[in-house]
Amino acid sequence: MKKRVFKKTFGILLSILFLLFNYSPIVQDIVRLPAELQIFQGDTQILDFKLPIQAKISDSNDVNVLKFNGDSLTSHQVYDIGKPLAIESINQGNVDLDFMLFGFIPIKKLTIHVTSPKKLIPGGNSIGVSLYTNGALIVGTSEVTDDKGITHFPAIDAGLLPGDIIEKVNGVTVKDAAHLTKLVNKVKGKSVELGCKRDNRLFVTEIYPILDASDKKFRIGLWVRDSTAGVGTLTFVDPDTKYLVSGS
């Protein structure tokens, strides 16, 4: 009798633990991970899942297709997905990533497809519309190479993403992209505190400018601009399929 009660209680506890695990926020985030990702050749994509898992490169992949955080696929085989991962596409092809829990339990696979960029021919008349932002709008991240030939990703290391708006540098309000460059170079390579906005949420991050070997200026690995320019209705022609696409 006691043995039967123990088995029943143990089974109920296992069921509760199973439900709690499967419906936990981490597991739900893992379930929502994409199965496929398409990148145009020459572009850089930032993966920022912020999950306590690792990504393992499949042994059958072509090592010349991608670079991760500036390194070729032969340099590392396992990457921490808890930190932003910069994927730089070099050649066309496919790469498989196996997401691993605790470093050895496979939970999901992501296939990255690198394809050639699609070219469209614009036509029609445009209507100029500009949307101005306060501060400097991040439109992309890039690498910075120092005088020793070492490649750095200061913006990625600081957790910055395209779409973020840099509003302050060390407490000073940023007027525009040129003002941001001036403030960064003013500190002469010391760490900089950036006040930023993402999805109407304010946050502060620390970044370390790198002296660029090409022009001897301090850079933080960002592409920024003052405003986002929009257009009215345009018609695009795909030269491969001859299809017309109308947008605004």
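Observations
- Screening ILE138 with (1) assigned to a strand (DSSP E or B); (2) at positive phi gives one miss only, at (2).
- For region 48-58, a tally of residues being within 12 Å of the chain's Cα centre (by Cα) and either among the aliphatic types (A, V, I, L, M) or modelled with pLDDT of 75 or more (or both) returns 0.
- Hits in region 197-229 (condition: in contact (Cβ under 8 Å) with a residue 60 or more places away in the chain and assigned to a strand (DSSP E or B)): LYS197, ILE210, LEU211, ARG219, LEU222, TRP223, VAL224, ARG225, ASP226, SER227, THR228, ALA229
- Applying the criterion of being within 22 Å of the chain's Cα centre (by Cα) and of a type in the set (Asp, Glu) to the residues of region 155-185, the residue that is modelled with the highest pLDDT is GLU167.
- Count of residues meeting criterion [small (Gly, Ala, Ser) and within 21 Å of ILE46 (Cβ to Cβ)] in region 149-194: 5
- Candidate set from region 89-98 (those that are among the hydrophobic types (A, V, I, L, M, F, W, C) and surrounded by 17 or more Cβ atoms within 10 Å (Cβ to Cβ)); member that is farthest from PRO34 (Cα to Cα): VAL95
- Selection from region 160-180 of residues that are part of a loop (DSSP other than H, G, I, E, B) and either surrounded by fewer than 19 Cβ atoms within 10 Å (Cβ to Cβ) or aliphatic (A, V, I, L, M) (or both): LEU160, LEU161, PRO162, GLY163, ASN170, GLY171, VAL174, LYS175, ASP176
- Failed item in (1) at pLDDT 75 or above; (2) touching an Asp or Glu at 6+ places or on another chain (Cβ under 7 Å), with GLN45 passing the rest: (2)
- Residue count for region 59-85, restricted to those that are at pLDDT 70 or above and either within 20 Å of the chain's Cα centre (by Cα) or not assigned by TED's automatic domain parsing to the domain that holds ASP96 (or both): 18
- Identity of the residue in region 27-42, modelled with pLDDT under 75 and exposed (fewer than 13 other Cβ atoms within 10 Å of the Cβ), that ends up nearest to the chain's Cα centre (by Cα): PRO34
- LEU101 fulfils the conditions (1) more than 25 Å from VAL139 (Cβ to Cβ); (2) modelled with pLDDT under 75; (3) loosely packed, with under 13 Cβ neighbours inside 10 Å except for a single criterion, (3).
- The residue of region 181-215 that is surrounded by the fewest Cβ atoms within 10 Å (Cβ to Cβ), among those that are closer than 20 Å to ASP147 by Cα and hydroxyl-bearing (Ser, Thr, Tyr), is SER214.
The values are calculated or read from the model by the stated rules, or taken from the named source; none is laboratory data. Predicted model only: the values in this text are computed from it and were never measured. Virtual Cβ from ideal backbone geometry, glycine too; neighbours counted across all protein chains shown.
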